[in-house]
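One structure is given here, and the rest of the page talks about it.
The values are calculated or read from the model by the stated rules, or taken from the named source; none is laboratory data. This one's a predicted model, so the numbers in the text were calculated from it and none came from an experiment. Positions of Cβ are backbone-derived with ideal geometry, glycine not excepted, and every protein chain shown enters the neighbour counts. In case anyone asks, the SASA skips ligands and DNA or RNA and just uses the protein heavy atoms, side chains included. Shrake-Rupley method; radii C 1.70, N 1.55, O 1.52, S 1.80 Å.
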Amino acid sequence: MTETIVILDFGSPYSPLIARRVRESQVYAELLPWDTPESAVMAHNPEGFILSGCLRSALEPGAPVLPGYVIQSRRPILGIGSGMSALVLALGGRMTSTAAQKYDLHRVNIPCSSRILQVGDDPRVWMSCADRVDAVPEGFQILASAADCPIAALGDGNRDYYGLQFHPGLEFTPAGRQIIARFVRGVCQCSGDWTAQAIIDHAVRQVRTQVGDARVLSTVSGGVDSSVATALVSRAVGDQLSAVYVDTGLMRKDETQWVRKAFQDKLGANLHCVDAAETFFFNLQGITDPEAKRRVIGETFIRVFEATTHNLGDPPFLVQGTIYPDVIESRNLQQGDARPIKTHHNVGGLPEAMDFELVEPLQNLFKDEVRVVGEALGLPSELVWRQPFPGPGLAVRCLGEVTPGRVEKLRQADAIFTEELAHAGLLVYRQGEEKQGTAQAFAVLLPVKTVGMANNQRTYEEVIALRAVTTTDFMTADWARLPDELLARVAYRIVDEVQGVNRVVYDITSKPPGTIEWE
Ligand code: XMP
């Protein structure tokens with residue numbers, strides 16, 4: 001059985017980032033709502049527990065509390081933010097609420113080394129001091145303090161219980177990665193068995209058990225997730241798999257030819273290409289609401305597959321490239337803990353009455369893990385390192401009505417932006433490199449017209465927004481500081497070459513508060 005750290009999610013939007021940190025230490029992390037029944041949690045046989053933070057005070061009535069069985073299990077515990085408060089309260093310590101609310105950058109002092117913090121660790125931390133520890137529980141020591149937060153970390157080395165007032169999951173806490181690694185590899189003594197090969201073996205076994213000798217249908221979009229999911233299932237069931245590529249008419253320039261080449265030439269896969277552009281545009285007529293677009297596209301996808309499957313022996317199983325952040329987001333939606341941000345078409349947009357059972361071999365993986373697995377499976381690196389492209393395609397970048405003409409305008413503008421970025425060597429983002437590229441960069445067509453001029457004549461045409469971000473996890477992102485000359489050249493070319501566009505703007509919003517896509 002894979003070594004597992006269970007993260008009990010107290011509701012912080014940063015909880016998935018803790019799971020990523022644990023996985024970076026090559027240890028499997030399972031993120032579960034804090035009130036998951038004991039039997040479901042203990043079925044994972046956790047080597048240790050992490051209690052994530054929460055957006056509300058741990059002292060408010062009705063706030064999440066530490067379930068009794070966690071202490072009784074005698075496994076190591078790391079509480080973060082409100083998770084630390086819950087640990088302190090459960091063990092008889094005292095907390096107070098203060099007026100300080102917001103997260104901010106602080107510097108901590110670490111007086112002596114412990115198993116999770118060491119003298120010399122980068123002192124910068126991302127912390128909220130809203131709830132403060134007044135009295136530590138018996139057996140605990142103060143491990144770090146800050147100017148306005150005397151107890152920023154605490155621990156009981158005998159029982160292996162630790163608490164951090166600050167958040168180790170964010171890049172704003174540079175030592176966060178090491179702190180989590182020390183907890184899972186040192187305190188919990190995990191050996192680190194969550195490797196690419198282990199992930200593949202695990203997924204292959206699961207897929208074989210799920211599908212037996214039945215036929216499986218896979219949908220390839222050309223994106224990283226659907227490609228890696230297809231390659232994994234192909235490794236598991238070989239010829240039982242039929243891969244289908246649907247040209248929705250919402251793809252990027254030359255995408256269809258590109259996918260065919262990658263799959264047929266490089267993987268030798270049997271790829272069936274279906275041209276369904278007309279159906280998609282027909283169903284999208286008159287729809288401008290972003291969520292309605294996603295629902296229509298999700299439903300149209302399934303209907304097109306259903307129609308295609310008759311020729312392919314009616315496979316009862318359908319492969320989807322759903323990844324872990326999609327699962328977490330949709331679980332939060334179902335629980336009503338978090339407000340819906342967007343319906344990802346491969347999760348929430350599926351129609352109720354579907355003729356397929358889903359096979360989702362990536363549903364426990366983060367994006368960077370998907371890429372590592374893709375490489376280990378031998379997929380071409382240009383495919384594995386491709387920028388992500390949303391399932392609903394250009395439709396969610398074509399704000400307002402999605403018509404063939406508007407999508408073509410957008411496609412041309414997007415191709416110009418991509419071409420110039422590639423030319424400047426900025427199409428791929430590799431953290432830590434001097435010249436930082438982009439994790440995702442694309443054009444968005446706005447449903448607004450503005451006045452401009454060309455050849456001494458007034459023009460009244462649409463606007464293209466350029467969006468480029470740097471990120472590794474896609475859950476938070478910063479806007480890319482692209483060179484002025486590059487932006488100027490892209491703007492000039494778009495207005496010059498794309499008919500019906502007379503203005504280009506650049507999006508300088510980070511995520512949060514913005515999202516990466518505009519819809
Ligand atoms: P947001 O816009 O939520 O996007 O910041 C985060 C990442 O998810 C991608 N995205 C999608 N991927 N189906 C997908 O497969 C979707 O419906 C979808 N919507 C957004 C987005 O491109 C970014 O990489």
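Descriptive notes on the structure:
- Where trypsin sites (Lys or Arg not before Pro) in DSSP loops with at most 12 other Cβ within 10 Å are excluded, longest remaining stretch of the chain: 103-429
- Restricting the GluC sites (Glu not before Pro) of segment 371-426 to loop positions (DSSP other than H, G, I, E, B) with no more than 10 neighbouring Cβ atoms within 10 Å leaves nothing.
- Projecting the Cα positions of 216, 199, 233 onto the charge dipole of segment 178-249 (unit charges on Cβ atoms of Lys, Arg, Asp and Glu, taken about the Cα centre) puts 199 furthest along the positive direction.
- Intensity falloff of the chain expressed as log10 I(q)/I(0), Debye formula with alpha-carbon point scatterers, at q = 0.06 Å⁻¹: -0.32
- Nearest-0.05 FRET efficiency for residue 214 and residue 35, computed from C-beta distance (R0 25 Å): 0.10
- Whole-number D in µm²/s for segment 123-203 (Stokes-Einstein; Kirkwood sum over Cα pairs; 20 °C, 1.002 mPa s): 148 µm²/s
- Dipole orientation for segment 1-44: of the candidates 19, 1, 36, 19 has the Cα lying most toward the positive pole (charges on Cβ; Lys, Arg +1; Asp, Glu -1).
- Residues of segment 5-36 with amide N under 19 Å of a point placed 7 Å along Cα→Cβ from residue 511: 12-21
- Extending 7 Å from Cα along the Cβ direction at residue 97 and again at residue 134 yields two label points whose distance is 1.3 nm.
- Difference of contour (0.36 nm per residue) and Cα-Cα distance, residue 382 to residue 198: 63.9 nm
- Percent carbon-and-sulfur accessible area, segment 21-113, ignoring ligands, DNA and RNA, probe 1.4 Å: 51 percent
- Reduced Cα scattering model of segment 1-42, Debye log10 I(q)/I(0), q = 0.15, 0.30, 0.35 Å⁻¹: -0.35, -1.05, -1.18
- Contact order normalised by residue count of the chain, Cα under 8 Å, 6+ apart, percent: 10 percent
- Dimensions of segment 454-519 from C-alpha coordinates, computed as largest minus smallest value along each principal axis and given longest first, are 45, 26, 14 Å.
- Whole-Hz ³J(HN,Hα) from phi, Karplus 6.51 cos²θ - 1.76 cosθ + 1.60, for segment 214-226, glycine and proline x: 6, 7, 10, 10, 10, 10, 9, 9, x, x, 4, 5, 5
- Per residue, the chain exposes 44 Å² of solvent-accessible protein surface, assessed with a 1.4 angstrom probe and all protein chains in place.
- Judged by the gyration tensor of its Cα atoms, with axes a ≥ b ≥ c, segment 195-255 is oblate; a/c meets the 1.5 cut and b/c is at least as large as a/b.
- Dimensionless Rg/Rh of segment 59-215 - Kirkwood Rh, Rg from C-alpha atoms: 1.08
- Pairs beyond 27 Å (Cα-Cα), from 102/367; 102/293; 293/409: 102/367; 102/293
- If the chain linking residue 451 and residue 283 were pulled fully straight, counting 0.36 nm for each residue of separation and taking away their Cα-Cα distance, it would gain 57.3 nm.
- 3J(HN,Hα) from dihedral phi, segment 375-384, Karplus parametrisation 6.51/-1.76/1.60, rounded to Hz, x for glycine, proline: 5, 5, 7, x, 6, x, 5, 5, 7, 5
- Under 5 Å, built H, 5+ apart or other chain: amide partners of residue 244: 218, 219, 220, 272
- Cα-based convex hull, segment 1-103, per residue volume (Å³, whole number): 97 Å³
- The value given for segment 358-476 is a Kirkwood hydrodynamic radius of 16.7 Å, derived from the mean inverse Cα-Cα separation.
- Bridgeable aspartates and glutamates around residue 449 (alpha carbons under 16 Å apart, same-chain partners fewer than 8 residues away excluded): 401, 461, 462.
- Theoretical FRET efficiency, 1/(1+(r/R0)^6), r = Cβ-Cβ of residue 312 and residue 59, R0 56 Å, to 0.05: 0.45
- Rg/Rg_globular for segment 408-519, with Rg_globular taken as 2.2 N^0.38 Å and Rg from C-alpha atoms: 1.09
- Relative contact order for segment 1-56, counting Cα pairs under 8 Å that sit 6 or more residues apart, in percent: 56 percent
- Panel values: segment 136-288, Kirkwood radius from alpha carbon pairs, Stokes-Einstein at 10 °C and 1.306 mPa s, translational diffusion coefficient 78 µm²/s.
- Per the Debye formula on identical point scatterers at the alpha carbon atoms of segment 258-327, with no solvent, log10 I(q)/I(0) at q = 0.13, 0.16, 0.23 Å⁻¹ is -0.54, -0.81, -1.18.
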